[in-house]
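A.B. asks: Below you will find the structure I want to go over with you.
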Ligand code: SF4
Ligand SMILES: [Zn+2]
Ligand SMILES: [Zn+2]
């Protein structure tokens, strides 16, 4: 008689490997976590929270974002209502400098330490970069010393250097999904082109913010693949979005990610990326409702976008700030590294 | 709110409010979306979302903003 093979419990292994050792889960291990039954989700989230407290600490990084140039993007990212290739109701618009200064002030007033300026473009041109430069100067002239991040698409080396010279300290550029799934989501540029921008950003000394969107038709195995691909990039921050099916986009009829699946993703990404800032971003409202923020913050997330997103709305910033106070999670102070 | 005119069109999908069901549209407007279509003329509006709210401008009927 041969004994049945002993089942290795992935959370038991993760306790040793990730919580004690600080070593992120492998792709196979992440997949095991993503397949955990619903009744083990509380245990997963508790472990993910312990990992976050152990390797990142109790502080939460709060950030606000604004769209400087909305809509009319030439790329075809199938989830995006700002692509000019789909009949989305989003119209192109530019935010003027006073509007940008106001948005930065609204963000700083919440106690946030990070303000991200975003543009819907393949990459910046001279006009956009000069708007960003003037905008940053105007924000500083307003007496606002909030840290400034940018998300302006793919960059050349020269543009990377320009952004560094402007004092941009973090650059956001999402890989969006697993490398094997990317060609199904975007056809106008490649995953490798995105990776190249991230490499230059890192080499120039800017912090790297890189995440993606869950719920774009990827398999569980591809979610696991994505988590370890992100981990291999060693980003400073990973924003985690859940698809909001936007009208006019090819994904408008996609179902939203189910709450339990979203929570498994949150826990699994924390266990794959024990030391990274893991930011709750778009889609948590549709996926998890108001409770979602709290479950995520107690499940490994240690950063949050407060207020609205770029074209969609979030819940009021004050609700999230009240929640952080209730959870006794201090907001990271300006100039202090997490 | 400075826009004028009666609400005849759905701000989410731009279709007429009479007849068809806009409950799903109302849910999206209540949670994650600013209005995209003018309620008086169904033109697509220029919408700017900011950390604290949104503004939506119809070229004919003027601007709306969130109270938030
Ligand atoms: S590059 Fe950015 S703005 Fe353009 S379609 Fe893709 S996600 Fe949207
Ligand atoms: Zn409608
Ligand atoms: Zn109108």
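FYI, it's all coordinate maths here, none of it is from the lab. Owing to the predicted nature of the structure, the values given are computational and were not obtained by experimental measurement. Positions of Cβ are generated from backbone atoms using ideal geometry, with glycine treated the same way; all protein chains shown enter the neighbour counts.
A.B. asks: For the range A:1-119, taking Cα atoms only, what is the radius of gyration to one decimal and the Dmax to the nearest whole Å?
C.D. replies: Gyration radius and largest Cα-Cα distance of the range A:1-119: 22.3, 77 Å.
A.B. asks: Still on this structure, I have one more. Could you list the square roots of 5 times each eigenvalue of the Cα gyration tensor of the range A:87-161, that is, the equivalent ellipsoid semi-axes, sorted largest first and rounded to whole Å? Could the numbers behind the result be given before it?
C.D. replies: Working: eigenvalues 92, 54, 27 Å².
The equivalent ellipsoid of the range A:87-161 has semi-axes of 21, 16, 12 Å.
A.B. asks: Between B:24, B:39, B:52, which gets the highest mean-square fluctuation from a Gaussian network model of chain B, Cα cutoff 10 Å?
C.D. replies: Ranking B:24, B:39, B:52 by mean-square fluctuation puts B:52 first.
A.B. asks: Tell me, what is the FRET efficiency for residue A:220 and residue A:137 to the nearest 0.05, using R0 = 60 angstrom and their Cβ-Cβ distance as r?
C.D. replies: On the way: r = 46 Å, r/R0 = 0.77.
The pair residue A:220/residue A:137 has a calculated efficiency of 0.80.
A.B. asks: Next up: What number, in percent, do you get for the relative contact order of the range A:39-327 if the mean sequence gap of Cα pairs under 8 Å and at least 6 apart is divided by its residue count?
C.D. replies: Details: 558 pairs, mean separation 67.8, N = 289.
Across the range A:39-327, relative contact order equals 23 percent.
A.B. asks: Between residue A:275 and residue A:54, what length comes free when the chain is fully extended (0.36 nm per residue of separation minus the Cα-Cα distance, one decimal in nm)?
C.D. replies: In short, 78.7 nm is gained.
A.B. asks: For the range A:43-103, which semi-axes, largest first and in whole Å, follow from the square roots of 5 times the eigenvalues of its Cα gyration tensor?
C.D. replies: Working: eigenvalues 263, 78, 11 Å².
Working through the eigenvalues yields semi-axes of 36, 20, 8 Å.
A.B. asks: Given chain B, report the % of alpha carbon pairs whose separation exceeds 18 Å.
C.D. replies: Values: 707 of 2278 pairs.
More than 18 Å apart: 31 percent of the Cα pairs in chain B.
A.B. asks: Another one. Quick one: Debye curve from the C-alpha atoms of chain A, no solvent, what's log10 I(q)/I(0) at q = 0.11, 0.14, 0.15 Å⁻¹?
C.D. replies: The Debye formula, applied to the Cα set alone, gives -0.68, -1.13, -1.32.
A.B. asks: How long are the three semi-axes of the equivalent ellipsoid of the range A:15-80, in whole Å, if each is the root of 5 times an eigenvalue of the C-alpha gyration tensor, listed from largest down? List each step's numbers first, then the result.
C.D. replies: Working: eigenvalues 218, 73, 31 Å².
Equivalent ellipsoid of the range A:15-80: 33, 19, 13 Å, largest first.
A.B. asks: Pulled fully out, how much extra length does the chain show between residue B:8 and residue B:21, if you take 0.36 nm times their separation in residues and subtract their Cα-Cα distance? Walk me through the intermediate numbers first.
C.D. replies: Numbers: separation 13, 0.36 × 13 = 4.68 nm, distance 1.32 nm.
Between residue B:8 and residue B:21, full extension yields 3.4 nm more.
A.B. asks: Relative to the longest principal axis of the C-alpha atoms of chain A, give the angle of the C-alpha long axis of helix A:157-166, reported between 0 and 90° and rounded to the nearest 10°.
C.D. replies: Approximately 80 degrees, to the nearest ten.
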